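Data first, discussion second: the structure below is written as structure tokens.
What follows is calculated from the coordinates using simple rules that are stated; it is not laboratory data. All values reported here derive from a predicted model rather than from experimental measurement. Virtual Cβ from ideal backbone geometry, glycine too; neighbours counted across all protein chains shown.
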Amino acid sequence: MQAQRLVPTRVRRFYRGGALLGRFRGQPEEDGYLPEDWVGSTTLARNQGNDDEGLSRLADGALLRDAIAEDPVAWLGEAHVARFGPETGLLVKLLDSAERLPVHAHPDRAFAQAELHSAFGKTEAWIVLNTREEEATVWVGLREPVERAEYLERIERQAVDCLLGSLNPLSVRAGDVVHVPGGVPHAIGAGVLLVELQEPTDLSLLCEWQGFPIRPEDTHLGLGWDRAVGALELGAHAPIRELPPEAREFFWADREQDAAGRFAILVVLAGDGAIGGEPARAGDAFAVPAAADGLDLEGDLELLRCLGPDPGP
Ligand SMILES: [Zn+2]
């Protein structure tokens, strides 16, 4: 088996972006409501009206999810399947924001399992590829602890200045990494192109919705805010500007130009060449099965190798 090309999988969202996705691939593109490309996904987007939105496809049109289901051990490796079943455990996206995203958080694994019947939460990490200005701003984690009742009140009042103003602002530029554990409130600012590594869900708690095309009843995953607020990390959280060792429980990314002996999503960051005999250039993505002996690389490619949760020995 060898690496297989994945075709772009654009996903509708409630915020605008996309121009930098086009620029990354050397194609003209204007901003619109398709600001994300789920380049390595077996995860369904929680959007209404399309039953396979979010699922990546191989070049022959098959869903990556279905190809893996047919031969999980070859795709994921024995240790992974023994620990996680026939799921990749990984979602890799490209995201380009033309505007600031609302303050939101994602459940961690424990909350998702207890309250949402989901094996995975959505711890995530951002790897910054480009910014529209020299730097962009992201906001991660509360600077100071907030009482649950007080935070609920800020959500109900849509006290946006307060919701955003209570978070740590961070300036980011190409090459920066930010790790965002489940539960930690955050917002991505305008003008940043990221690779996002995530647990494989589309579970978001939208603390802020005013001014976005979002209905208040769609902000709390059907839990009501009294329960949903229990998913939020309301203690102080210092931003983590790297992938810490504990991130391996969820995902990892490195610049190794080789097969990993486990499932990987490759994102081509720059260069021109081929992977497994298929032409490859910036913005292309490939799925690498655990059973691949190598990547069969040609040319001067710069790769980001994204891995799922560490299956252990
Ligand atoms: Zn997020």
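Annotations for the structure displayed:
- Electrostatic tally near ASP52: other residues with Cβ closer than 11 Å to its Cβ, Lys and Arg +1, Asp and Glu -1, net -1.
- Within-14-Å neighbourhood charge of ASP108 [Cβ basis; K, R +1; D, E -1]: -4
- Alpha-carbon centroid distance for the pair region 25-76 / region 275-291, whole angstrom: 15 Å
- Helical mean residue ellipticity (222 nm; -39500 (n - 2.57) per DSSP H run of 4+; nearest 500) of the chain: -4000 deg cm²/dmol
- Sites matching trypsin sites (Lys or Arg not before Pro) across region 239-291 that sit in DSSP coil, with at most 14 neighbouring C-beta atoms within 10 Å: ARG241, ARG255
- Value of relative contact order over region 182-263, rounded to a whole percent, pairs C-alpha under 8 Å and six or more apart: 37 percent
- Net charge in the neighbourhood of GLY277 (other residues with Cβ under 11 Å of its Cβ; Lys, Arg +1, Asp, Glu -1) is -2.
- Sorted by Cβ neighbour density within 10 Å, fewest at the top, the residues ARG154, ARG46: ARG46, ARG154
- Length gained on full extension, ARG255 to TYR33: 76.8 nm, using 0.36 nm per residue less the C-alpha separation.
- Exposure proxy shown here: for GLU36, GLU29, the number of other Cβ atoms within 10 Å sets the order, fewest to most, as GLU29, GLU36.
- Backbone N within region 143-162 under 13 Å of label point (7 Å from GLU233 Cα along the Cβ vector): 143-145
- Overall form of region 70-158: oblate. Here a/c, set by the Cα gyration tensor axes a ≥ b ≥ c, is 1.5 or more, and a/b is not larger than b/c.
- With Cα atoms, 0 to 90° folded angle of helix 148-157 axis to the chain main axis: 90 degrees
- Normalised contact order of the chain, rounded percent, pairs of Cα under 8 Å and 6 or more residues apart: 23 percent
- Overall shape: oblate for region 1-134, with the ratio a/c of the largest to smallest alpha carbon gyration tensor axis at 1.5 or above and b/c at least equal to a/b.
- Between GLU278 and LEU63, the simple label model (points 7 Å from Cα in the Cβ direction) yields a spacing of 1.8 nm.
- Burial ordering of PHE111, PHE120, fewest other beta-carbon atoms within 10 Å first: PHE111, PHE120
- In nm, spacing of pseudo-spin labels at GLU150 and GLU78 (7 Å Cα→C-beta vector): 5.5 nm
- If you wrap the tightest convex hull around every Cα atom of region 1-73 and split its volume per residue, you get 106 Å³.
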